[in-house]
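Engineer: I have a structure I would like to understand better, so I am pasting it below and will then ask my questions one at a time.
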Amino acid sequence: MQSILARFSAWNDRVQEMLFNPNKLAPTFPESAAVKDFRYNAWYDAKSAPALDAASYRLSLSGLIGNKQPWTVEQLHALPQVSQVTRHVCVEGWSMIGKWTGTPLRTFFERIGADTTARYVGFECADGYYESMDMATALHPQTIMAFKLSDETLPRKYGYPFKIRVPTKLGFKNPKFVTTIYVTNLRPHGFWTDRGYNWFSGI
Amino acid sequence: MSATTETEVLEHRWPVRLTHWLMAAAILIMIGSGWRIYNASPILPFRFPEAVTLGGDVNVALTWHNDPGVASAIAWHFAGMWVLLVAYLLFVAWGALSGHFRRDFLPVGPTSFRRDFLAAARFQLRHKLGEYNAVQKVFYWGVLVLVLLMIVSGIAIWKPVQTYPLVDLFGGFQGARIVHFLGMAGICGFLLVHVALVVLVPKTFVAMVLGRATGGHPS
């Protein structure tokens, strides 16, 4: 039975890839709709969240990327930033509108010379989390490296120094505490995908 | 009251039986897995007992990834949806093209519904194999509309961005979840009545399996 369900899940990956329109924007909401006290969600409690230090933090780059020089928080913060008020949809069914501010991943990829013809982007995180997504979603204009939540520096429990905010995917595809970004043609794993959730998980 | 001669009545042709049982299985999968998914983030102040939900062993899932089998419930739900969608479309297409709907689901109107409903309430409505009374017709149309509502609201929940503004038809994402829940409740209500009536008139079950049953028309 598990293998039949896995086949359906693989089929659903293909259907979702076809359904994904790279030009379709997730609906945005007025700033007044953004929740200030955003729901904390992880498999560990907030007190155990990693505390990354701005001075020693480095974002590592690997895989099909031209310039793999690590990035400091200061360098990241100097990148051009945009804001979005979008709905975060959890795989469990709850959803919440928030305001995130940061740099489009596409802009960052242009800076670092990432091979955007590659198929996948992978993320590794300080809390042991790992995620991945298709390149088309990574290049979507609303897929950002979010440095701020509700106009404030992303608090520790929400993933300081940044999380990947991707409003065209379910919440668990938005990794926090990102320490490594890599570009690859081999589909990377995902923390919850390895635990039975669908890989593409677009919305 | 004298029974007429016992005759075999051809009641359900094979496309109806096949799609009926496919939809029956898919709907049970959708309800069972849907209840498990609902339990992960209830919209009302109650949860369904885990034992009547679908998605594997809760304790195994909890040990495995600290999650009460929501992943497998979702896998079931997003597999079952394809079975339901295909069976539903085949049933509707066949019903429309073969004349099944026109012949057996029509005509129906408020007058005949009222007459048959009152007769049924007094336990005076007889079941005739091969022929639907007005209450049955209304119920079948009703559940077909409910399944369609589940498909559309389900798509709105599954792909609220890609199908936007579909979700606004239901008053937003949360509204679509509520409609999806109410549709489920309506289908459960249909199933209760449907199965209770099959228990009362078991030959209808035989007819839906074999296509024909011995019955004749009791007068």
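Engineer: Could you list, ordered by first residue, the pairs with Cβ atoms under 6 Å in which the first is in segment B:49-60 and outside any helix (DSSP H, G or I) and the second is of a type in the set (Ser, Thr, Tyr), at least 6 apart or interchain?
Structural biologist: B:LEU54/B:SER33; B:GLY55/B:SER33; B:GLY55/B:SER72; B:GLY56/B:SER72
Engineer: Can you work out which of the residues in segment A:49-92 that are touching a residue at least 12 places away in the same chain (Cβ under 8 Å), within 14 Å of chain B (Cβ to nearest Cβ) and not β-branched (Val, Ile, Thr) is nearest to B:ILE43 (Cα to Cα)?
Structural biologist: My answer is A:CYS90.
Engineer: Another one. What number of residues within segment B:148-201 satisfy the criterion of being within 14 Å of chain A (Cβ to nearest Cβ) and assigned to a helix (DSSP H, G or I)? Before the answer, list the steps.
Structural biologist: From segment B:148-201, those within 14 Å of chain A (Cβ to nearest Cβ) are B:153-181, B:184; that's our starting set.
In the following step, the residues that additionally are assigned to a helix (DSSP H, G or I) were identified as B:153-158, B:166-170, B:173-181, B:184.
Total meeting the criteria: 21.
Engineer: Test A:GLU152 against the criterion of being of a type in the set (D, E, K, R), out of contact with any helix residue (DSSP H, G or I) (no Cβ under 7 Å at 6 or more places or on another chain) and free of Cβ contacts under 8 Å to residues at least 40 places away in the same chain, and give yes or no.
Structural biologist: Working: of a type in the set (D, E, K, R): yes; out of contact with any helix residue (DSSP H, G or I) (no Cβ under 7 Å at 6 or more places or on another chain): yes; free of Cβ contacts under 8 Å to residues at least 40 places away in the same chain: yes.
Yes: the conditions hold for A:GLU152.
Engineer: Next question, about the same structure. Check off (1) of a type in the set (Val, Ile, Thr); (2) under 22 Å from the mean Cα position of the chain (by Cα); (3) closer than 30 Å to B:ARG47 by Cα for B:VAL70 and give me the number that stays unchecked.
Structural biologist: (2)
Engineer: In segment A:25-47, what residues are touching a residue at least 60 places away in the same chain (Cβ under 8 Å) and loosely packed, with under 11 Cβ neighbours inside 10 Å?
Structural biologist: Once the filter is applied, which keeps residues that are touching a residue at least 60 places away in the same chain (Cβ under 8 Å) and loosely packed, with under 11 Cβ neighbours inside 10 Å, segment A:25-47 yields only A:LYS36.
Engineer: Would you kindly identify the strands (runs of 3 or more DSSP E) lying entirely within segment A:93-136 that contain at least 3 residues that are touching a residue at least 24 places away in the same chain (Cβ under 8 Å), in contact with a Leu (Cβ under 8 Å, 6 or more places away or on another chain) and buried (at least 21 other Cβ atoms within 10 Å of the Cβ)?
Structural biologist: On the way: elements: A:95-104, A:120-125, A:130-134.
So the answer is A:95-104.
Engineer: Filter segment B:57-81 down to residues that are more than 19 Å from B:MET184 (Cβ to Cβ) and either in contact with a Cys (Cβ under 6 Å, 6 or more places away or on another chain) or among the aliphatic types (A, V, I, L, M) (or both), then give me how many there are.
Structural biologist: 5
Engineer: Another question about this same structure. Can you pull out every residue in segment B:105-119 that is closer than 30 Å to B:LEU90 by Cβ, touching a helix residue (DSSP H, G or I) at 6+ places or on another chain (Cβ under 8 Å) and surrounded by fewer than 18 Cβ atoms within 10 Å (Cβ to Cβ)?
Structural biologist: Start the filter on segment B:105-119 by keeping residues that are closer than 30 Å to B:LEU90 by Cβ, which leaves B:105-109, B:112-113, B:116.
Narrowing the set further to residues that are touching a helix residue (DSSP H, G or I) at 6+ places or on another chain (Cβ under 8 Å) leaves B:105-106, B:108-109, B:112-113, B:116.
Once the filter is applied, which keeps residues that are closer than 30 Å to B:LEU90 by Cβ, touching a helix residue (DSSP H, G or I) at 6+ places or on another chain (Cβ under 8 Å) and surrounded by fewer than 18 Cβ atoms within 10 Å (Cβ to Cβ), segment B:105-119 yields B:PHE105, B:LEU106, B:GLY109, B:SER112, B:PHE113.
Engineer: Something else now. Looking at segment A:139-161, can you tell me whether even one residue there is assigned to a helix (DSSP H, G or I), under 11 Å from the mean Cα position of the chain (by Cα), among the β-branched types (Val, Ile, Thr) and within 14 Å of another protein chain (Cβ to nearest Cβ)? Steps first, answer last, please.
Structural biologist: Residues of segment A:139-161 that are assigned to a helix (DSSP H, G or I), as a first pass: A:156-158.
Pick out the ones that are also under 11 Å from the mean Cα position of the chain (by Cα) and you get none.
No; the residues of segment A:139-161 include none that is assigned to a helix (DSSP H, G or I), under 11 Å from the mean Cα position of the chain (by Cα), among the β-branched types (Val, Ile, Thr) and within 14 Å of another protein chain (Cβ to nearest Cβ).
Coordinate-derived values only; no laboratory data. Quantities reported herein were computed from a predicted structural model and do not represent experimental measurements. Cβ atoms come from the backbone with ideal geometry, glycine included; neighbour counts cover every protein chain shown.
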